[in-house]
1. So if I check each of 85, 61, which one is surrounded by 10 or more Cβ atoms within 10 Å (Cβ to Cβ) and not in a helix (DSSP H, G or I)?
2. For the range 10-32, which positions are modelled with pLDDT under 85, out of contact with any helix residue (DSSP H, G or I) (no Cβ under 7 Å at 6 or more places or on another chain) and part of a helix (DSSP H, G or I)?
3. Kindly indicate which of 101, 77 is more than 30 Å from residue 28 (Cβ to Cβ) and modelled with pLDDT under 80.
């Protein structure tokens with residue numbers, strides 16, 4: 001035999017959730033996996049945008065590490081300025097005579113110290 005009396009004087013009709021306001025823990029439970037399922041069900045576009053953001057951030061960091069190791073993405077000029085001589089310039093004749101006599105000047109290093 002049951003009575004029609006309420007169990008308590010105050011009963012919450014609308015549950016208040018801690019993290020996601022419009023989730024349904026009664027469907028999936030309140031475990032972390034259940035909360036992720038609720039998140040996917042309520043706002044899947046936010047989950048996709050966050051996933052793309054994390055993927056992009058990880059990719060950018062990996063490219064940064066690769067560039068730090070190989071220097072492939074750093075597009076720096078080999079020299080800051082160049083000297084252009086005409087073929088009939090007398091300075092070229094002097095340089096050629098000096099180089100034939102003493103040898104060419106030593107090569108400069110491209111390594112940054």
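1. Details: 61 fails: not in a helix (DSSP H, G or I).
None of the other options fit; the residue is 85.
2. Result: 26, 27.
3. Working: 101 fails: modelled with pLDDT under 80.
Result of the check over 101, 77: 77.
The values are calculated or read from the model by the stated rules, or taken from the named source; none is laboratory data. Everything numeric in this text was worked out from a predicted model, so none of it was measured. Virtual Cβ from ideal backbone geometry, glycine too; neighbours counted across all protein chains shown.
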